[in-house]
Structure formats: C-alpha cells, structure tokens
Amino acid sequence: MSQHKASVRWQSDGGEFRRSKFSRAHTWTFDGGVTVPASASPSVIRPPYADPAGVDPEEALVAAIASCHMLSFLYLAAKDGFAVISYEDDAVGSMTKNERGIPWVSETLLSPCIRYEGEPPSPEQEDALHERAHEECFIAQSVKTSIRVTPTRARRD
C-alpha cells in the first residue's frame with residue numbers, strides 16, 4: 001500500500017525541563033512541504049507552556065476524521081451522480097477518561113452541512129452516503145473513537 005509521513009520537531013526553549021516548565025510548542029512538517037505550528041492543548045498544558053495558536057494532537061485527530069469522512073462522502077456522492085457544491089463541518093471531539101483513568105478522544109461528532117447543485121439526494125440517500133463514507137474512511141477504520149454523523153440538511157442553490 002502507501003506510506004504517509006510527517007516530521008515532528010521540538011527544541012528546548014531553555015525552560016526548566018525537569019520541573020515541566022518548558023514550551024510544548026513544536027512543528028509538524030508534511031511530505032508536501034507544509035509546516036504547521038503545533039502544541040499541547042491549552043486545556044491540558046496551560047500557557048505559557050502550551051501555545052494556543054498551535055494545532056494540538058486532539059484537534060488534529062478530529063480534523064483528520066472529519067476530512068477523511070468528507071473526502072469519502074464527496075467521492076461516493078459523485079459516483080452516485082449527486083453534484084456537491086459545498087461541504088462544511090464543524091466537527092467536535094469529546095474527551096473522557098478510559099477504564100484506567102487516562103483521557104482519550106472517546107467520540108467525534110461530525111455535523112456536515114452539504115449543498116448540492118440540481119437534485120439533491122433524499123434524506124435517506126444522504127444518510128446512506130454518510131454510512132458508506134464512514135465505512136470507507138481510512139481514518140475511521142483506524143481509530144477506536146466513536147464517530148457519529150448528524151448532518152444538517154442543506155439543499156441546492
């Protein structure tokens with residue numbers, strides 16, 4: 001199959017490492033050349049040791065799930081003859097503690113709002129497209145996080 005690479009880089013800011021008083025800001029560089037500022041989540045590590053402007057791993061997981069679902073949905077909608085003109089999703093990941101008391105992203109709620117050109121799918125057809133997209137999404141098949149899809153019904157322009 002294929003490989004997908006990302007480089008993660010962190011450098012000490014001179015803080016007191018052994019006392020956990022150091023910056024968690026770092027970068028992610030992807031194989032296409034894009035570098036993204038990243039950090040621990042400010043809900044886990046408070047500023048100034050976390051950078052709220054950086055993408056945190058939990059956000060990245062939610063974005064990866066939402067993006068993969070969208071790409072799978074767009075592929076399937078085109079294959080089924082529906083013309084999507086916009087797709088927006090304000091995805092939310094929720095953290096809870098597992099049986100050992102360790103926080104994890106236990107659920108991701110996708111709330112896509114899709115606009116179509118021409119005849120849109122019926123609500124039942126759109127739900128079926130979302131079910132198929134979930135089954136075909138590489139990321140959804142790779143995680144144990146519960147993923148729910150509750151589409152907002154948008155029609156055509």
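Of the residues making up region 10-44, those that are exposed (fewer than 10 other Cβ atoms within 10 Å of the Cβ) and not charged (D, E, K, R) are Gln11, Ser12, Gly14, Gly32, Gly33, Val34. With respect to (1) assigned by TED's automatic domain parsing to the domain that holds Pro151; (2) at pLDDT below 95, the lone exception for Phe73 is condition (2).
Only one of the numbered conditions (1) closer than 13 Å to Phe73 by Cβ; (2) at pLDDT 95 or above; (3) surrounded by 17 or more Cβ atoms within 10 Å (Cβ to Cβ); (4) within 18 Å of the chain's Cα centre (by Cα) is violated by Glu131, and that is (3). The numbered conditions (1) farther than 30 Å from Glu117 by Cα; (2) assigned by TED's automatic domain parsing to the domain that holds Thr145; (3) within 15 Å of the chain's Cα centre (by Cα) are all true for Lys97 except (3).
Ala66: surrounded by 17 or more Cβ atoms within 10 Å (Cβ to Cβ), among the hydrophobic types (A, V, I, L, M, F, W, C) and in contact with an Asp or Glu (Cβ under 7 Å, 6 or more places away or on another chain), yes or no? Judged against the criteria, Ala66 is a match. If you go through region 22-52 and keep only what is among the hydroxyl-bearing types (Ser, Thr, Tyr) and either touching a strand residue (DSSP E or B) at 6+ places or on another chain (Cβ under 6 Å) or not assigned by TED's automatic domain parsing to the domain that holds Gln3 (or both), you end up with Thr27, Thr29, Thr35. Here Val84 fulfils each of the conditions (1) farther than 30 Å from Glu126 by Cα; (2) not in a helix (DSSP H, G or I) apart from (1).
Scanning region 45-56 for residues that are under 20 Å from Asp90 (Cα atoms) and surrounded by 15 or more Cβ atoms within 10 Å (Cβ to Cβ) turns up Gly54, Val55, Asp56. Is there a residue being of a type in the set (Ser, Thr, Tyr), over 26 Å from Glu136 (Cβ atoms) and touching a Ser or Thr at 6+ places or on another chain (Cβ under 8 Å) anywhere in region 42-53? Within region 42-53, one or more residues are of a type in the set (Ser, Thr, Tyr), over 26 Å from Glu136 (Cβ atoms) and touching a Ser or Thr at 6+ places or on another chain (Cβ under 8 Å). Within region 71-94, the residues that satisfy the criterion of being of a type outside the set (Phe, Trp, Tyr), touching a helix residue (DSSP H, G or I) at 6+ places or on another chain (Cβ under 8 Å) and within 19 Å of Thr150 (Cβ to Cβ) are Ser72, Leu76, Ala77, Val84, Asp89, Ala91, Val92, Gly93.
Of all residues assigned to region 59-74, at least one qualifies as being touching a strand residue (DSSP E or B) at 6+ places or on another chain (Cβ under 9 Å) and over 25 Å from Ala38 (Cβ atoms).
The values are calculated or read from the model by the stated rules, or taken from the named source; none is laboratory data. Everything quoted here is computed from the prediction, not taken from an experiment. With ideal geometry, Cβ positions are generated from the backbone for all residues, glycine too; neighbour counts draw on all protein chains shown.
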